[in-house]
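The values are calculated or read from the model by the stated rules, or taken from the named source; none is laboratory data. Note that the coordinates shown come from a computational prediction; the quantities given were computed from them, not determined experimentally. Every residue, glycine among them, receives a Cβ derived from its backbone with ideal geometry; neighbour counts consider all protein chains shown.
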Amino acid sequence: MIGKTILKWMSQAISTLFIILLVCAVFIVLSSRAAGGEPSLFGYQLKAVLSGSMAPEMSVGSLILIQLTDEKEIFQAGDVITFRTDENILITHRIMEIEKSGQQFITKGDNNNGPDTQPVMAQNIVGKYSGVSIPYVGYVFHYMNTKQGALLLLVIPGLLFLGHAVFTIWRALRLIEGSQKSQLKEES
């Protein structure tokens, strides 16, 4: 009796976990597509580190948290910013110098030998590094933002949920058949 109660509770917990996982996966994929790449929440965005230019503070494959900013934000030398290049590539580097009344910034990756070749315009700054970095998670996050990763992120939880549902139905049918057989034996 206690064993059946525990199994029923575990089954419900697993079903709930699969539903939550599926809803989270759908939310991440849809918000990523709506934001043009990475989802933002409460003014923060997650970014995957794809190069070693900011090592050792940010290693390749890390996931960093940046606080989204606007053109009115005031930056100082030493701030780590994420900015968009003319080729629409996101880069996270440290501000070395401020020029033209805070409208242009000379940046450099901590692990690079020299400063970046072009100054960063204030309107190209996306956000400021918050200091939060999670190693290795960026690889998964970057893959999730590809078409294959998004499909996988939706398909795997869906298949797990479907498999669990099939197993639950099969087990319920077995219990019904078992109880019908025992009733037939009692009547005979």
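Details
- For region 116-167, filtered to residues that are in contact with a His (Cβ under 9 Å, 6 or more places away or on another chain) and not β-branched (Val, Ile, Thr), the residue that is surrounded by the most Cβ atoms within 10 Å (Cβ to Cβ) is Asp116.
Per-residue answers, yes or no, for (1) in a strand (DSSP E or B); (2) of a type in the set (Val, Ile, Thr); (3) in contact (Cβ under 8 Å) with a residue 12 or more places away in the chain; (4) under 30 Å from Ser11 (Cα atoms):
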residue: Ile98; (1), (2), (3), (4): yes, yes, yes, no
residue: Asp110; (1), (2), (3), (4): no, no, yes, no
residue: Asp116; (1), (2), (3), (4): no, no, yes, no
residue: Gln123; (1), (2), (3), (4): no, no, yes, no
residue: Gly127; (1), (2), (3), (4): yes, no, yes, no
residue: Gly163; (1), (2), (3), (4): no, no, no, yes
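- In region 37-80, residue nearest to Asn113 (Cα to Cα) [restricted to those that are more than 21 Å from the chain's Cα centre (by Cα) and among the polar types (S, T, N, Q)]: Ser53
- Every residue from region 12-42 that is surrounded by 14 or more Cβ atoms within 10 Å (Cβ to Cβ) and modelled with pLDDT of 80 or more: Ile14, Leu17
- Leu175 fulfils the conditions (1) exposed (fewer than 13 other Cβ atoms within 10 Å of the Cβ); (2) modelled with pLDDT of 85 or more; (3) not hydroxyl-bearing (Ser, Thr, Tyr) except for a single criterion, (2).
- Looking across region 114-173, the residues that are touching a strand residue (DSSP E or B) at 6+ places or on another chain (Cβ under 7 Å) and within 25 Å of Ile19 (Cβ to Cβ) come down to Val137, Phe141.
- Region 65-96, residues that are assigned to a strand (DSSP E or B), closer than 21 Å to Leu50 by Cβ, of a type in the set (A, V, I, L, M, F, W, C) and out of contact with any Leu (no Cβ under 7 Å at 6 or more places or on another chain): Ile66, Leu68, Val80, Ile81, Phe83, Leu90, Ile91, Ile95
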